[in-house]
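Read through the structure below, which is laid out as structure tokens, and then see the notes.
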Amino acid sequence: MADAPKAAGPALALAAALLAVDPQGLGGARLMGPAGPVRDAWLETLRQLLPEGTPWRRLPQHASEERLSGGLDLQATLASGRPVLQQGLLAAADGGVVVAAMAERLAAGTAAQVAAVLDQGQVRIERDGLSAVQPARLALVALDEAEGDDHPLAPALADRLALWLPMRGLGWRSAPEAGDRADWADAVAEARARLPRVRVPDELVAALAAATLALGVDSPRAAWAAVRLARASAALFGRELATADDADRAAALVLAPA
């Protein structure tokens, strides 16, 4: 998706709240910039706005395919005398969030593996004589520290994340505050329950598709991500029918040009 306008304080908290409403539907967020208080505060805001007990996993930089997807639990297999499956990190994050530090440096194979899980919402295991499918409905938060000539975040991941949030150049005064989190907490909980009933009118879907073309956003997924964000926005603001305000918010956060 295209870069969102530089957002600070309450606006960043709003972005976290929208992702907390529909993490799997929005795919996740790309936080662009180095580590710092603003990024840390945004992550903490998102974590606190999610339901208690929501899985929150860190993606190791050089995680193996087996570590991500799972495989044979050798110790348990030897003890039981039959093949026993060991759950991988992605299945363990089902219903939650995976945070990838220095996401721009992820190996191509790892990026492709995570992208497939974001699409399918499940992990398929075919190894060591085992065949299994496990649910892995998750959102990805990619911490993208690339700058200048650095290798960019894999397009397969960037294209699946509805929110692109620039963090570079924001001082600590821009960080979401505890008050911002408190302001959204009840609204997010109610919005998650309301979300299945929310509808985006056909005319708004058409308008977002047209805006995608007009803004020159070349991702075929962008219009759909904008529709999902408009839906989350309507739920967050207490509506079961998305309005032009929700579409405007989606266009600003998902489709706005860099």
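The values are calculated or read from the model by the stated rules, or taken from the named source; none is laboratory data. In this text, all values refer to a predicted model and were calculated from it rather than measured experimentally. When we count neighbours, we look across all protein chains shown, and the Cβ atoms used for this are built from the backbone with ideal geometry, even at glycine. Just so you know, the surface numbers come from the protein's heavy atoms only, side chains and all, with ligands and any DNA or RNA stripped out. Shrake-Rupley method; radii C 1.70, N 1.55, O 1.52, S 1.80 Å.
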Determine the per residue accessible area of the chain with all protein chains present and a 1.4 angstrom probe, expressed in square angstrom.
-> 46 Å²
Distance in nm between label sites at Ala107 and Ala252, each 7 Å beyond Cα in the beta-carbon direction?
-> 4.2 nm
The stretch 138-181 to the stretch 33-61: how many Å between their Cα centroids?
-> 11 Å
Compute the length gained on full extension between Ala35 and Ala210: take 0.36 nm times their separation in residues and subtract their Cα-Cα distance, giving the result in nm to one decimal.
-> 59.4 nm
If the chain between Arg82 and Ser131 were fully extended at 0.36 nm per residue, the gain over the current Cα-Cα distance would be 16.3 nm
Antiparallel DSSP beta bridges within the chain, percent to nearest 5 = 35 percent
Expressed in nanometres to one decimal, the distance between label points 7 Å along Cα→Cβ at Ala185 and Arg199 is 3.5 nm
Label-to-label distance, nm, for residues given as Gln120 and Asp149 (7 Å Cα→Cβ offset) = 3.8 nm
Leaving ligands, DNA and RNA out of it, report the carbon-plus-sulfur percent of the accessible area of the stretch 153-216 at a 1.4 Å probe.
-> 57 percent
Phi-derived 3J(HN,Hα) across the stretch 235-247 with the Karplus relation (6.51, -1.76, 1.60, θ = phi - 60°), rounded Hz, x for Gly and Pro, is 4, 5, 9, x, 10, 9, 10, 5, 10, 4, 4, 5, 5
Inter-part gap, Cα centre of the stretch 88-120 to Cα centre of the stretch 182-258, in whole angstrom, is 24 Å
